[in-house]
Amino acid sequence: MFPAKIWREFPQRYRLEAAKCKKCGKVFFPPRLVCNACSHREFEEIKLPWEGTLVSYTIIRTPPSAFSDQAPYAVGIIETIPGLQITCQIVDADLDKLHIGQKLLLEFRLIQKDGKQGVLCYGYKAVPIDAHNS
Amino acid sequence: MAGIVGYGSYIPRYRIKVEEIAKVWGTDAESYKKGLMLQEKSVPAPDQDVITMSVEAARRALSRAQIHPQKIGAVYVGSESHPYAVKPSGTVVAEAIGATPEVHCADFEFACKAGTEAMFVAYGLVCSGKIQYGLAIAADTSQGAPGDALEFSAAAGAAAYILGTENVAVEIEDTYSFCTDTPDFWRREYQHYPEHGGRFTGEPAYFHHTLSSAQGIMKRSGTKPEDFKYAIFHQPNGKFPMLAAQKLGFKREQWEDGRLSPTLGNTYSGASPMGLSAVLDKAAPGDLILLVSFGSGAGSDGFILRTTDRIKDIQGKAPKTKQQLDCAKRYLDYGTYAKFRGKILKAD
Ligand SMILES: [Zn+2]
């Protein structure tokens, strides 16, 4: 996990910056140079909301080594604005109570540590909406 | 008059009860519950630290302030548990809330006083006209060594304040600072857990500085305890802020709303600023508030604040501190707590 790689992703990981096609209105996250719907090349920067609806999820029980002490944990596909889905971990939740259609908030969390000495990688994860945060 | 334009707090969902810690170490839970007035404490999730809690508290402060983050001219994070030894917490926070690149950024340290220190400096810059808005954050994920008395109280939380001169919700009427060299609590370089002077942390450290700071600012401003609707003190446990308030002549109804420690624990730099956020959540326009922090080493910052009519407009724009403290808690057993806090590690 090189510092330069995560640094390039800060606008998306930290601020949910997306690109909206100025011609057809399609939204891309992460942004892209050419719209795959109309081939237009000009985009408007928009920020996705820090909330969404759970579209699907899975429980990871055999994780990659960097996440081994977190298992079992949930990874979900979350629709933030109509037609746009993002993938992230779901935390602070009872895994047996997750359900499709559930409203979730996104919070700023530590995603990964590059070993004991490397950089800390931050970004968004989803949490349930309840009396604690609404 | 300059003051607070927006504020926000963040408390993790996880908790551990005093009994659960006492059970493991063979200590008497009742002595902590009765003697220090501690019932349970907040615990950060494994993916939470000073940076993540600061970002959440700052975003809530922005929701209340309703200003564009590019207008923030300073981002200061006060903590004694910054995730990096070298590399500022504040740059991550500034980037995450969209305040970069034209912003002055610094991390503050002064044991539990680092948060009010950040507020003090941001307030000064706003008053001078050097910046339009300043963001000051108080946050900690403090640790006590396993079995040490501090393990029963060391907790996690954050509070963020946006200072400015327009649309002020809480005017800052006066500030004061009282500081001496008193070695009551410290952590040397490369040490994981802090050391403390036991009972020496009480009279010559916490009480001397807290009481002197409160008396100093009241004398300078010509105020008396009965003038204040609320008083908030640093809260390393439930007992110390109560005793400090009583010695100064404050009544229970003045200090109990700002004392979160019995069920939150000691959030170090976050402690008195989070107490202030709980008070602001319920304050009415015109309320006079005394805030007195304490940091080992040792010093105390005092603030006299008065709410304006705007406080009513911003209270409901973000989650309140008491609701985060009381609702949707997730209790941990000691083993899971030890894993969350890195006290035990999985073999590679
Ligand atoms: Zn298009």
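For the options B:Arg59, B:Arg259, B:Arg187, a Gaussian network treatment of chain B with springs between C-alpha atoms closer than 10 Å singles out B:Arg187 as fluctuating the most.
Counting Lys +1, Arg +1, Asp -1, Glu -1, what net charge surrounds B:Arg341 among other residues with beta carbon under 12 Å of its beta carbon? All intermediate terms of the calculation are to be shown ahead of the outcome.
Working: positive: B:Lys41, B:Lys339, B:Lys343; negative: B:Asp49, B:Glu151.
For residues surrounding B:Arg341, the net value is +1.
Dividing the C-alpha radius of gyration of the stretch B:1-56 by 2.2 N^0.38 Å, with N its residue count, gives 1.61. Computed over the stretch B:116-253, relative contact order equals 17 percent, with contacts defined as Cα pairs under 8 Å that lie 6+ residues apart.
Run through the stretch A:23-127 and list the GluC sites (Glu not before Pro) located in a DSSP loop whose Cβ has at most 14 other Cβ atoms within 10 Å.
Values: sites: A:Glu42, A:Glu44, A:Glu45, A:Glu51, A:Glu79, A:Glu107; in loops: A:Glu42.
Taking the stretch A:23-127 and a limit of 14 other Cβ atoms within 10 Å, the loop GluC sites (Glu not before Pro) found are A:Glu42.
Short to long, the 5 Å bins of the Cα pair-distance histogram for the stretch B:172-311 hold 2, 10, 21, 24, 20, 12, 6, 3, 2, 0 percent of all pairs. Across all Cα atoms of the protein assembly as shown, the radius of gyration (one decimal) and Dmax (whole number) stand at 22.4, 73 Å.
Would you compute, from DSSP H runs of 4+ residues alone, the mean residue ellipticity of the protein assembly as shown at 222 nm, taking -39500 (n - 2.57) per run and dividing by the full residue count, rounded to the nearest 500? Working shown, then result.
Working: 14 runs with 121 residues, N = 482.
Per the formula, -7000 deg cm²/dmol.
Based on the convex hull around the alpha carbon atoms, the stretch A:25-96 presents an average projected area of 6.5 nm². Counting only lysines at least 8 places from A:Lys97 when in the same chain, those with an alpha carbon closer than 27 Å to its own are A:Lys125, B:Lys17, B:Lys41, B:Lys320, B:Lys322, B:Lys329, B:Lys339. Rank these for me by crowding, A:His40, B:His208, B:His192, B:His234, going from fewest to most other beta carbons within 10 Å. Result, fewest neighbours first: B:His192, A:His40, B:His208, B:His234.
The stretch between B:Cys179 and B:Glu203 holds 7.2 nm of extra length on full extension. This uses 0.36 nm per residue minus the Cα-Cα distance. Relative to the Cα centre, the charge distribution of the protein assembly as shown, modelled as +1 at Lys and Arg Cβ and -1 at Asp and Glu Cβ, gives a dipole magnitude of about 900 debye. With Cα atoms defining each centre, the stretch B:10-56 and the stretch A:92-134 are spaced 20 Å apart in the structure. Rounded to the nearest Hz, the phi-derived 3J(HN,Hα) couplings of the stretch A:94-102 under the Karplus curve 6.51 cos²θ - 1.76 cosθ + 1.60 (θ = phi - 60°) are 7, 4, 7, 10, 5, 8, 4, x, 5, where x marks glycine and proline.
Where Rh is the Kirkwood radius over the Cα pairs of the stretch A:49-134, the temperature 10 °C and the viscosity 1.306 mPa s, what D in µm²/s does Stokes-Einstein return?
On the way: Rh = 13.6 Å.
In µm²/s, the coefficient rounds to 117.
Amide hydrogen proximity for B:Cys105: with H placed 1.01 Å from N in the peptide plane, the residues at 5 or more positions away or on another chain lying under 5 Å are B:Val75. Evaluating 6.51 cos²θ - 1.76 cosθ + 1.60 at θ = phi - 60° for every residue in the stretch B:16-22, the Karplus couplings come out as 10, 7, 4, 4, 5, 6, 4 Hz, glycine and proline recorded as x. Computed from Cα atoms alone, the Kirkwood hydrodynamic radius reported for chain B is 19.7 Å.
For the stretch B:156-251, the fraction of C-alpha pairs farther apart than 17 angstrom is 64 percent.
Each reported figure results from applying straightforward, stated rules to the coordinates on display, with no laboratory input. No experiment lies behind these values; they were computed from the predicted model shown. Positions of Cβ are generated from backbone atoms using ideal geometry, with glycine treated the same way; all protein chains shown enter the neighbour counts.
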